[in-house]
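The values are calculated or read from the model by the stated rules, or taken from the named source; none is laboratory data. Because the structure is predicted, anything quoted here is derived from the model rather than measured. Cβ sites come from the backbone with ideal geometry, for glycine too, and all protein chains shown count toward neighbours.
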Amino acid sequence: MSLFLCPICAAPLTREGQTYRCPNRHSYDVAREGYVHLLPANQKHSRHPGDDREMAAARTRFLDGGWYAPLREALCRLIADRLPQDGTLLDAGCGEGYYTEGIFQALQNIGRSFSLAGVDLSKAALKKAARRVPGGEFAVASVYHLPVGDGTVDVLLDCFAPLALEEYRRVLRPGGLFLYVVPAPRHLLELKSVLYEHPYENPEEAILYQGFDYLDIVPVTGVMAIRDNQTLTDLFRMTPYAWKTPRTGVERLAALGRLDVTLDFRIHLFRKQS
């Protein structure tokens, strides 16, 4: 049985070879790369939702360079310590599967039995995620309309994805863990200083969301000594700055060959109330 539900009738899906089927005869073919499309047309806000191929490729190159490895390692430790045996993990907004892959391998390394699924709007990203983690299941879907049953998830990860609290409360079991990763005040501040005349720090927030108990806030900080323009450009392209930076800022970045950049994250840990 799959963790996914039919997006049309909400009945459980079962994978049979290269097809997911529900008892009401709705079926969804698995793409060659290993993901399934579970996003109904009325939930699409554009013809090609999610990150495009170029942005997905830039993020893959950057992440595979190990620059955000400290964050991945922290997530692996936190989840390995808390996911129960035979538990279920959902990566909401999994992108190219960089963090999903690390978590999957960490859980396998300690002999944990578990089920893992990831959703994202971007087909380009999911092609990479499904290839990284053939032992998981991946679907094109919105975090605001998760094709997942009520109270079926033990651990839910939101790493830079939109915050869909109502859906997260619905799919998490009572006592389930919610990890929410956000940029901290000085994250990429040096990059922003190149791009903008008046860069600002991100806000430091600790918001208690309804239906959850706060467990902890885990900081992940460091400095990335980037020494080539391709890596700097990839970092820029994978951020929201790529959509709103003035031309002069892009030109300043293009002229750089090296930059020390701060990475600064906060992992907020919540437990769903019983």
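For region 143-170, give me the residue count where each residue is part of a loop (DSSP other than H, G, I, E, B) and of a type in the set (D, E, K, R). Talk me through it step by step, then tell me what you get.
Step one: filter region 143-170 for residues part of a loop (DSSP other than H, G, I, E, B), giving 146-147, 149-152, 160-164.
Within this subset, residues satisfying the condition of being of a type in the set (D, E, K, R) are 150.
The number of residues fulfilling the criteria is 1.
Count of region 49-88 residues, restricted to those that are touching a Ser or Thr at 6+ places or on another chain (Cβ under 7 Å), under 16 Å from residue 159 (Cα atoms) and outside any helix (DSSP H, G or I), is 2.
Right, residue 121: of a type outside the set (Phe, Trp, Tyr) and more than 22 Å from residue 38 (Cα to Cα) or not? Against the criterion (of a type outside the set (Phe, Trp, Tyr) and more than 22 Å from residue 38 (Cα to Cα)), residue 121 does not qualify.
When you check residue 124 against the structure, is it at pLDDT below 95 and either farther than 27 Å from residue 230 by Cβ or within 17 Å of the chain's Cα centre (by Cα) (or both), yes or no?
Working: at pLDDT below 95: yes; either farther than 27 Å from residue 230 by Cβ or within 17 Å of the chain's Cα centre (by Cα) (or both): yes.
For residue 124, the condition - at pLDDT below 95 and either farther than 27 Å from residue 230 by Cβ or within 17 Å of the chain's Cα centre (by Cα) (or both) - is met.
Tallying residues that are exposed (fewer than 13 other Cβ atoms within 10 Å of the Cβ) and in a helix (DSSP H, G or I) within region 231-250 yields 4.
Would it be correct to say that residue 164 is touching a Phe, Trp or Tyr at 6+ places or on another chain (Cβ under 9 Å) and either crowded, with 23+ Cβ neighbours inside 10 Å or on the phi > 0 side of the Ramachandran plot (or both)? Don't jump to the end; show me each part of the working.
Details: touching a Phe, Trp or Tyr at 6+ places or on another chain (Cβ under 9 Å): yes; either crowded, with 23+ Cβ neighbours inside 10 Å or on the phi > 0 side of the Ramachandran plot (or both): no.
So residue 164 fails the test.
Can you tell me which residue is surrounded by the most Cβ atoms within 10 Å (Cβ to Cβ) among those in region 11-41 that are in contact (Cβ under 8 Å) with a residue 24 or more places away in the chain and of a type in the set (Gly, Ala, Ser)? Among them, the one singled out is 34. If the Cβ limit is 7 Å and pairs must be 6+ apart or interchain, which residue in region 242-261 that is at pLDDT 95 or above pairs with which residue that is assigned to a loop (DSSP other than H, G, I, E, B)? Cβ pairs passing all conditions: 249/196; 258/227; 261/188. Checking each residue in region 195-230 for being of a type in the set (D, E, K, R) and not in a loop (DSSP other than H, G, I, E, B) picks out 213, 216. For region 77-132, what are the residues that are of a type in the set (Val, Ile, Thr), in contact with a helix residue (DSSP H, G or I) (Cβ under 9 Å, 6 or more places away or on another chain) and either surrounded by 23 or more Cβ atoms within 10 Å (Cβ to Cβ) or in contact (Cβ under 8 Å) with a residue 40 or more places away in the chain (or both)? The answer is 79, 100, 103, 119.
Kindly indicate whether residue 116 is in contact with a strand residue (DSSP E or B) (Cβ under 9 Å, 6 or more places away or on another chain) and either aromatic (Phe, Trp, Tyr) or part of a helix (DSSP H, G or I) (or both). Here the answer is no, as residue 116 does not meet what is asked.
Taken over region 7-38, the criterion of being over 22 Å from the mean Cα position of the chain (by Cα), small (Gly, Ala, Ser) and at pLDDT 95 or above is satisfied by 10, 11, 27.
Evaluated against (1) free of Cβ contacts under 8 Å to residues at least 60 places away in the same chain; (2) over 19 Å from residue 74 (Cβ atoms), residue 219 falls short on exactly one condition, (2).
For region 167-176, the condition holds for no residue, the condition being that it is closer than 21 Å to residue 73 by Cα and either surrounded by fewer than 22 Cβ atoms within 10 Å (Cβ to Cβ) or within 16 Å of the chain's Cα centre (by Cα) (or both).
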